[in-house]
Amino acid sequence: MELGYIRFLEGTKPMAWRSKRKVMQAYDVTADIYDERYSSEQHRKYCKVLESVNFFKSTILDVGCGSGMFLSEVAGKAKVVAGVDVSRKLLLKAKKCVAKNVHVVQADADHLPFQEGTFNVAVSFTVLQNMPKPANTLQEIKRVTTKGGKIAVTGLKKAFPQTTFHDIIEASGMQTTSFAGEEEINCYLAVLAV
């Protein structure tokens, strides 16, 4: 499997690009300690999603896949898994720990390099708070998810009040099928029907 690279800056406004570049650089700098720092917290989120969404024989997109922790969780269940992230260094880590049916691509979550309706299931853990316009990011994830598919998305509690998180979801035009906000997952987690 090759690490794919695409141009993800076309059409990005200068202010948004500066914001995204800071996020990309921050994750590149912390790539070596990413798993150590975040694995237990992220794993709790993954478990919640695995309880609510069927990944068996699905085509799955992980937007903001980081070092590939979730990719590894679902590779054995899924037909195909794609992970995208802006951090090249995190993707290099993800490339090392994934199976044959998993592909990673460097891409901007606001400009995903996939056709409409490519995936049955999309997940996005701890991404929306890093985006200049989270509602637009969610719309882009919806674009590449099939009608009747599912999207699982989180928003950090320290970044979003619960009402704001719900407003972002409402703006997407999708329906929430399950919602969690337990303290141990440190975020709001919504599963949405496309």
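The values are calculated or read from the model by the stated rules, or taken from the named source; none is laboratory data. Since the model is a prediction, treat every value here as computed from it, not as a measurement. Cβ placement follows ideal geometry from the backbone for every residue including glycine, while neighbour counts extend to all protein chains displayed. Areas reflect the complete protein model, heavy atoms only, side chains present, ligands, DNA and RNA absent. Shrake-Rupley method; radii C 1.70, N 1.55, O 1.52, S 1.80 Å.
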Item to check | Sulfur and carbon atoms: percent of accessible area, region 56-132 [1.4 Å] | outcome: 52
Item to check | Coil-residue trypsin sites (Lys or Arg not before Pro) of region 45-99, DSSP, other Cβ within 10 Å capped at 13 | outcome: Lys57, Lys79
Checklist entry - Accessible area, 1.4 Å probe, largest first: how do Thr126, Thr137 sort? => result Thr126, Thr137
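List, in the order given, every pair from Lys100/Lys157; Lys79/Lys158; Lys89/Lys147; Lys45/Lys147; Lys79/Lys157 whose Cα-Cα distance in the structure shown is over 31 Å.
Details: Lys100/Lys157 35 Å; Lys79/Lys158 35 Å; Lys89/Lys147 33 Å; Lys45/Lys147 24 Å; Lys79/Lys157 33 Å.
Check vs 31 Å cut-off fails for Lys100/Lys157; Lys79/Lys158; Lys89/Lys147; Lys79/Lys157.
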Item to check | ³J(HN,Hα) computed for each position of region 163-172 - Karplus, 6.51 cos²θ - 1.76 cosθ + 1.60, integer Hz, glycine/proline x | outcome: 5, 5, 4, 5, 4, 4, 5, 4, 5, 6
Checklist outcome for this item: In nm, the gap between the two label points placed 7 Å beyond Cα toward Cβ at Asp167 and Leu92 is 4.0
Item to check | Chain lengthening between Lys57 and Lys147 when straightened (0.36 nm per residue, less Cα-Cα) | outcome: 30.7 nm
Item to check | Accessible-area value, His166, 1.4 Å probe, nucleic acids and ligands omitted, Å² | outcome: 60
Item to check | Built amide H within the under 5 Å cut-off of Ala75, gap 5+ | outcome: none
Checklist outcome for this item: Ranking Ser87, Asn54, His43 by how far each Cα lies towards the positive end of the charge dipole of region 37-98 (+1 on Lys and Arg Cβ, -1 on Asp and Glu Cβ), the top one is Ser87
